[in-house]
Amino acid sequence: ADDKKLEIEKLKDQEKYRREFIGNISHELKTPLFTIQGYILTLLESEMNDVTKMKRYLKRTSKGLDRLIHIVKDLDLIIAFESGVKSIERTQFDLVDLVRNVFDLLEMQASKNNVSLMMEDNVSPIFVYADRERIQQVLTNLIVNSLKYSVDNGSIEITINKLNKDKVIINVSDNGEGIEKE
């Protein structure tokens, strides 16, 4: 009876997690979809002669599409993990070196956007045992988003703080337009 009770509780927890996950995905999809829809409808319904404004709307639409693509890629990755096709492969690596590598990869895009990528000089190596590829993916996504929404002559700064032997905080901050309250 105890085993059955435990199994029922586990199924209830899984169902709750599934509902929350679907709710989160729905929310994540709505924002870029409504943004894209709004700009496209504005472009279609108005006789816009202002080329600069039209380009701005199209760029924002493109950013919304990029966000949708990232969400779909993340969903594909989750499915790959759950199906066992992909697994987390932990190794020991230096987070500071990883951030520098991500900066190197995005340096051209940052320069094109007139944005500075910054991290403290002379930061000591911080070694972690984690999936390097996944951490790099998360950092890249965060920095690419910051680049997309950055202001002219903006900056993106990464700080890494080792709290204790098991916890590290990586902070990505920028001076971009920010996220709308809604």
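Note on the chain: with a GNM built from Cα contacts shorter than 10 Å, the maximum mean-square fluctuation among LYS148, LYS30, LYS63 falls on LYS30. When the label point is put 7 Å from the Cα of LYS55 along its Cα-to-beta-carbon vector, which residues of the range 104-128 have a backbone N closer than 17 Å? Only 112-114 pass the distance filter. Mean-square fluctuations from a GNM of the chain, with a 10 angstrom spring cutoff on Cα atoms, peak among LEU33, LEU163, LEU43 at LEU163. Modelled spin-label separation between LEU43 and GLN136, with each label point placed 7 Å from Cα along the Cα-to-Cβ direction: 3.4 nm.
Residue-normalised convex hull volume from the C-alpha trace of the chain: 180 Å³ per residue. Projecting the Cα positions of PHE34, MET118, VAL96 onto the charge dipole of the chain (unit charges on Cβ atoms of Lys, Arg, Asp and Glu, taken about the Cα centre) puts PHE34 furthest along the positive direction. Max-minus-min Cα coordinates of the range 106-170 on each principal axis give 39, 24, 16 Å, with the largest extent listed first. Per-residue 3J(HN,Hα) values for the range 156-169, derived from phi via the Karplus relation 6.51 cos²θ - 1.76 cosθ + 1.60 with θ = phi - 60°, read 10, 10, 10, 10, 10, 10, 8, 6, 7, 5, 10, 9, 10, 10 Hz in sequence order (x marks Gly and Pro). Over the chain, accessible surface divided per residue gives 74 Å², non-protein components excluded, 1.4 Å probe.
Here the accessible area is traced with a 1.4 Å probe on the protein chains. For the range 125-182, carbon and sulfur cover 51 percent of it. What the Kirkwood sum gives for the range 1-101 is a hydrodynamic radius of 17.9 Å, with every pair of different alpha carbons counted.
Take peptides 79-92, 97-110 and line them up by average Cβ neighbours within 10 Å, highest first, as a rough protection proxy.
On the way: 79-92: 10.2, 97-110: 15.9.
The most tightly packed comes first, giving 97-110, 79-92.
Apolar share of the accessible surface for the range 6-96: 57 percent from carbon plus sulfur atoms, 1.4 Å probe.
Loop-located GluC sites (Glu not before Pro) across the range 1-68 with a Cβ neighbour count of 15 or fewer within 10 Å are GLU47, with loop assigned by DSSP.
MET48 sits with roughly 40 Å² accessible to a 1.4 Å probe, with DNA, RNA and ligands left out of the calculation.
Of all complete DSSP H helices in the chain, those with a Cα span along the helix axis of 20 Å or greater and a mean Kyte-Doolittle hydropathy of 0.0 or more are 95-112. Taking ILE22, ILE71, ILE158 in turn, the Gaussian network model of the chain (Cα-Cα springs below 10 Å) assigns the largest fluctuation to ILE22.
The values are calculated or read from the model by the stated rules, or taken from the named source; none is laboratory data. None of these values were measured; they are calculated from a predicted model. When we count neighbours, we look across all protein chains shown, and the Cβ atoms used for this are built from the backbone with ideal geometry, even at glycine. Note: areas computed on protein heavy atoms with side chains; ligands, DNA, RNA excluded. Shrake-Rupley method; radii C 1.70, N 1.55, O 1.52, S 1.80 Å.
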